[in-house]
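What follows is a set of notes on a single structure, which appears directly below.
The values are calculated or read from the model by the stated rules, or taken from the named source; none is laboratory data. Predicted model only: the values in this text are computed from it and were never measured. We place every Cβ from the backbone using ideal geometry, glycine too, and count neighbours over all the protein chains shown. Just so you know, the surface numbers come from the protein's heavy atoms only, side chains and all, with ligands and any DNA or RNA stripped out. Shrake-Rupley method; radii C 1.70, N 1.55, O 1.52, S 1.80 Å.
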Amino acid sequence: MVGKHPLHVMTEATGTRVAVLDDLRELVRSHYVSPETTAKRLAELGAPKTAKLLREHVPKTKTARSGDLGEVLATEIAEHTLGYQVPIRRLRWKDGRNMALRGDDIVGIRPAQKGGLDFLKGESKSRAALTTSVLDEAGAALDGARGRPTRHSVLFVAERLRELGHDALAGQLEQAVLVSFRGSTIEHLLLALTGGNPASLLNAHLTAAATKKRTRHAVGVRIIDHGAFIATLFGGL
């Protein structure tokens, strides 16, 4: 903890990569194409054509791959470490494989104690070498819109949920927008995927954020060979 703000630093355990790489690739695939769609394609088209179609979604540039992996990890950490639901996998709706989606990287939700929803607004950054300016950029995005999720981002999630038939949850999101998130507790997530040790930079960032009223979870994920790992991961998709 840095004041009231939680700090988590995760480092890849030595010698474990080979054992988890296939599972991680499957996880990344699911962020681009739903498992249900993949299953249908496998049944109708077979594995080679299904894989070929998947590769149409996967970015080719180093920058886009790095950014997408940061968003994948932020989503998974929001759900499995922080206890939020991230109901829409945004990467499935990219309008270009090498383009970044606009809006909040993460919109997480969970039931509020008095009804309605609480929110997690998240930003992810992926850099071989992390810098203060990169964290400041993420912090500025989190502080934007008075620290609330952007209305456009929440409505994007609601509209995708409507299309998928999840009208009740979509209605809760729309109601939150209509009342400008009154009654909702809002927390922040800043994830940094990097090759160096991010602990001191994240500590300094949270120290500077000590007076901010919203809880900010800072998560550093360290993979020493950052660029080579991303190339290996995406090369096998």
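A few notes on this one:
Yes/no matrix, rows are residues, columns are (1) surrounded by 13 or more Cβ atoms within 10 Å (Cβ to Cβ); (2) on the phi < 0 side of the Ramachandran plot:
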residue	(1), (2)
T61	no, yes
G83	no, no
N98	yes, yes
R102	no, yes
P111	no, yes
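- Any hit, region 84-105, residues being among the hydroxyl-bearing types (S, T, Y), within 22 Å of E163 (Cα to Cα) and touching a Gly at 6+ places or on another chain (Cβ under 8 Å): yes
- With respect to the conditions (1) assigned to a helix (DSSP H, G or I); (2) among the basic types (K, R); (3) in contact with a strand residue (DSSP E or B) (Cβ under 6 Å, 6 or more places away or on another chain), K121 falls short on a single one, namely (1).
- Any hit, region 87-95, residues being open to solvent by 40 Å² or more (accessible area, probe 1.4 Å), in contact with a Lys or Arg (Cβ under 9 Å, 6 or more places away or on another chain) and not in a loop (DSSP other than H, G, I, E, B): yes
- No other residue among V107, V28 is among the β-branched types (V, I, T), surrounded by 15 or more Cβ atoms within 10 Å (Cβ to Cβ) and without any contact (Cβ under 8 Å) to a residue 60 or more places away in the chain apart from V107.
- Residues (charged (D, E, K, R) and either closer than 17 Å to D68 by Cβ or in contact with a Cys (Cβ under 8 Å, 6 or more places away or on another chain) (or both)) located in region 1-39: R25, E26, R29
- Going through (1) over 22 Å from M1 (Cα atoms); (2) open to solvent by 30 Å² or more (accessible area, probe 1.4 Å); (3) part of a loop (DSSP other than H, G, I, E, B) one by one, P149 falls short only on (2).
- Checked against the criterion of being farther than 24 Å from T37 by Cα and among the small types (G, A, S), region 85-99 contains not a single residue that satisfies it.
- Residues within region 155-173 that are among the charged types (D, E, K, R), within 28 Å of D68 (Cβ to Cβ) and free of Cβ contacts under 8 Å to residues at least 24 places away in the same chain, tallied: 3
- Odd one out for V18 among (1) modelled with pLDDT of 95 or more; (2) open to solvent by 50 Å² or more (accessible area, probe 1.4 Å); (3) in a helix (DSSP H, G or I): (1)
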